[in-house]
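Where a number appears in this text, it was derived from the coordinates with a stated rule and is not lab data. This is a predicted model, so every value here is computed, not measured. Cβ sites come from the backbone with ideal geometry, for glycine too, and all protein chains shown count toward neighbours.
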Amino acid sequence: MKLSNIEICNFRQYYNAVNIDLSTNSDQNIVVIGGRNGYGKTNLLLSIVWCLYGEKISQIDDNFKKEIQKEKNYSSFMQQSINWAAKKENIDTFSVSIVVSEIELPEIKKLNSNSENVVITRTFNVNGMNEKLSILDANSKMEIFDDEADKLNFVNDYIIPIDAAKFVFFDAEKISEIANLSIKEEGSFINDALGKILGLDTYDTLIEDLEFYINTLKKEGATKNLQEQIVDKEKAIELSNIDIEKFEEENAEKLKEIDDLKKAIREYNNLISRHSKQGNSTFDRESVLLDLEKLRTKELQLSERFNELSEIIPLAILAGKLEEVSEHLKIQAQNTISQSSLNENSEKIENFIELLFNKPPEPDNSSMSFKDKLFYYDKAKNLGAELFSTNGDYQELDFEHDLSNSENSLINDAINLVNEQSKDLFENTIDEFNEVQIKLYELSKTLSKVDADLEDELILEYSSKKDTADYSVTESNRKIGENNQQITKLRGDIIRLNQQLLTLVKKVDVNAQNKLKIKESQKYIDVLNLFLEEQKNKHKNSLEKTILSELKILMHKLGSEENSSKFIEDVKVTILASGQGMKITLLDQDDNEIRKESLSSGEKQIYISCLIKAILNESIQSLPIFIDTPLGRLDEEHRDKITKKYYPTLSEQVVLFSTNSEITPKRFKDISENISKSYLLFNDGANTSLKNGYFNTVSND
């Protein structure tokens with residue numbers, strides 16, 4: 001399946017109708033769309049996603065969700081999406097059309113039997129605030145569906161399922177964040193990805209429905225007091241989610257304010273530089289301002305990292321207690337082994353004595369009385385216990401922990417996290433932060449000294465306005481940091497409340513009839529879970545092989561035999577218990593796990609790219625892939641490798657939205673044999689248009 005043509009009409013920067021041919025073939029699978037930052041690459045990607053999913057785009061990607069939150073809600077976002085030039089001409093409608101080709105269509109009377117193409121068009125009228133979705137047969141131009149629900153189901157069932165869209169339309173620079181997820185979160189991500197690609201999500205939904213049904217049955221038998229407690233917990237969870245949504249919306253608004261303030265600051269700096277009396281001074285004010293902006297961005301990133309590390313602090317404080325629990329569990333396990341061995345020996349001694357005294361053969365004319373037998377029986381038993389006792393390893397404990405294997409593993413993982421990572425992470429972050437603070441102080445001092453020599457009142461006015469804007473940016477970033485801490489706390493509260501809710505439901509006295517229903521429902525869940533596990537196991541080995549082979553191709557640390565044995569030697573895929581998905585483990589030559597958090601930003605992006613490719617290889621149908629910022633945080637060597645060896649084999653249709661610093665003219669030439677179409681975005685300050693071709697400026701390569 002391919003999205004072979006896009007027509008954007010009066011959407012954001014795209015004035016009038018802008019038509020883009022995205023067709024590819026088996027030899028040329030790549031379309032490159034180049035443009036400078038701010039020229040409309042991301043909005044072009046957004047237009048495609050909006051055409052397919054409309055109001056549901058916020059479910060696909062956090063970046064799309066933040067774009068909507070910046071405008072408060074979806075309706076406001078849509079109102080702001082009409083092209084300004086079109087609005088001045090009193091045009092009140094914008095639209096996006098996509099020609100979807102090479103798809104298997106359902107048997108519908110309105111469809112031509114030879115149809116392989118449909119045209120999906122979404123239109124929005126800003127005056128009436130109404131949205132229309134149209135799906136036409138590309139041959140007859142007839143509307144295929146009358147019912148809106150049928151249209152949505154068609155996109156979800158025959159085009160790209162909304163839950164799989166995040167793996168089809170994404171920002172390559174931001175996907176590296178997936179490598180920082182916890183085991184549970186990563187397991188859920190991989191489970192979602194593989195499930196959507198293989199079509200297993202239907203069974204997951206069925207399991208969720210059955211579990212919801214079981215919980216409903218359990219709640220029916222709750223006493224009034226217990227019912228009130230359950231409702232209170234459910235309400236608290238709902239309110240926490242609402243609060244999280246509010247904080248996220250406020251953060252989106254603050255980010256929009258920061259963007260506007262930064263534009264104003266750049267303008268003030270330009271005005272100050274233009275009117276300053278530097279004469280022939282060698283002082284490069286523009287360069288200093290650029291360095292200051294980079295350092296402030298770095299300072300913000302480090303502040304955010306401190307917020308993330310705050311989650312580790314409680315673990316660090318409790319590290320001693322965790323070690324005590326771990327030691328307690330070791331003694332508990334040893335006691336279990338010791339007790340088991342003792343019981344086994346006691347049983348053998350009993351059997352030995354029984355055979356010795358009470359089973360034939362016996363000596364002729366034996367005169368041993370019952371009293372003597374009893375004496376030797378007790379003596380033999382005591383000697384056996386003394387000689388074969390293993391109770392020396394047994395240690396008396398006041399209590400025992402009742403923990404599952406997964407809970408034991410969680411404790412060990414927490415200890416490893418504290419012991420192996422927290423110290424280095426804290427020290428490195430503090431060192432980096434101090435270094436940035438020193439550089440910021442020195443550069444600000446230099447700039448202030450130069451600006452202090454300026455006597456022009458106009459420049460002083462600009463400087464005052466710039467300082468006010470700088471302060472506002474700092475305050476907005478501080479507020480975002482506070483909100484993020486509140487969001488983290490609320491998410492922790494939700495986890496705790498869900499655990500309490502589960503405990504309350506377990507206390508309910510379920511009647512006999514509901515017990516029978518629950519038992520039958522659980523049987524279905526067990527069968528479905530077994531089926532899902534079997535399906536995942538079928539793909540487990542191929543996932544391991546593909547991820548490892550792609551890593552060896554793309555990572556320069558693995559590019560030679562000398563390095564490959566010192567870095568990632570193997571990849572293991574583990575099916576997690578209780579339907580928690582799958583875990584990917586990277587191993588070195590000594591079979592030690594390589595923690596993904598220890599990888600550089602570029603290596604994380606490479607790893608996730610390999611994971612996505614491995615998952616796509618398991619797909620039951622070929623999916624088009626649209627990637628913004630395709631070379632993201634990669635260094636030059638990784639950029640060359642992923643351009644030449646990754647994208648040409650990723651999918652039958654790969655559309656890349658790139659700047660000339662990512663896919664340079666040289667890299668473009670390196671993959672020219674794989675490129676079907678190429679376009680360059682031009683912007684006149686308000687509107688964006690396309691021309692055939694790519695950047696033709698001289699690269700730095």
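Numbers at a glance
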item: Glu637 versus Tyr213: modelled label distance in nm, points set 7 Å from Cα along the beta carbon direction; result: 5.7
item: Linear extension gain, Asn63 paired with Gln395, 0.36 nm per residue minus alpha-carbon span; result: 113.9 nm
item: Overall form of region 69-177 per C-alpha gyration tensor (a/c, 1.5; a/b vs b/c); result: oblate
item: Members of Lys151/Lys254; Lys2/Lys294; Lys666/Lys691; Lys348/Lys371; Lys439/Lys466 lying beyond 28 Å, as alpha-carbon distances in this model show; result: Lys151/Lys254; Lys2/Lys294
item: Per-pair calculated FRET efficiency, R0 = 30 Å: Ala512 and Asn225 via Cβ, rounded to 0.05; result: 0.85
item: Pairwise label distance in nanometres, Asp591 with Glu324, each label 7 Å out on the Cα-Cβ vector; result: 3.4
item: Separation in nanometres of the label points that stand 7 Å from Cα toward Cβ, at Tyr524 and Gln80; result: 4.5
item: Potential lengthening between Gln485 and Lys583 on full extension [0.36 nm per residue; Cα-Cα distance subtracted]; result: 32.5 nm
item: Straight-distance crosslink candidates among lysines, where the alpha carbon sits under 27 Å from Lys219 and sequence neighbours closer than 8 are dropped; result: Lys233, Lys235, Lys506, Lys507, Lys515, Lys517, Lys519, Lys523
item: Calculated FRET efficiency for the pair Phe567/Asn139, C-beta based, R₀ 56 Å, to 0.05; result: 0.55
item: Under 18 Å from the Asp232 label point (7 Å along Cα→beta-carbon), backbone N, region 479-496; result: 493-496
item: Computed FRET value (nearest 0.05) for Asp157 with Asp378, which takes r as the C-beta separation and R₀ as 60 Å; result: 0.15
item: Of Lys56/Lys538; Lys196/Lys536; Lys65/Lys465; Lys65/Lys613, pairs whose Cα-Cα distance is over 23 Å; result: Lys56/Lys538; Lys65/Lys465; Lys65/Lys613
item: Members of Lys545/Lys677; Lys262/Lys445; Lys174/Lys489 lying beyond 30 Å, as alpha-carbon distances in this model show; result: Lys545/Lys677
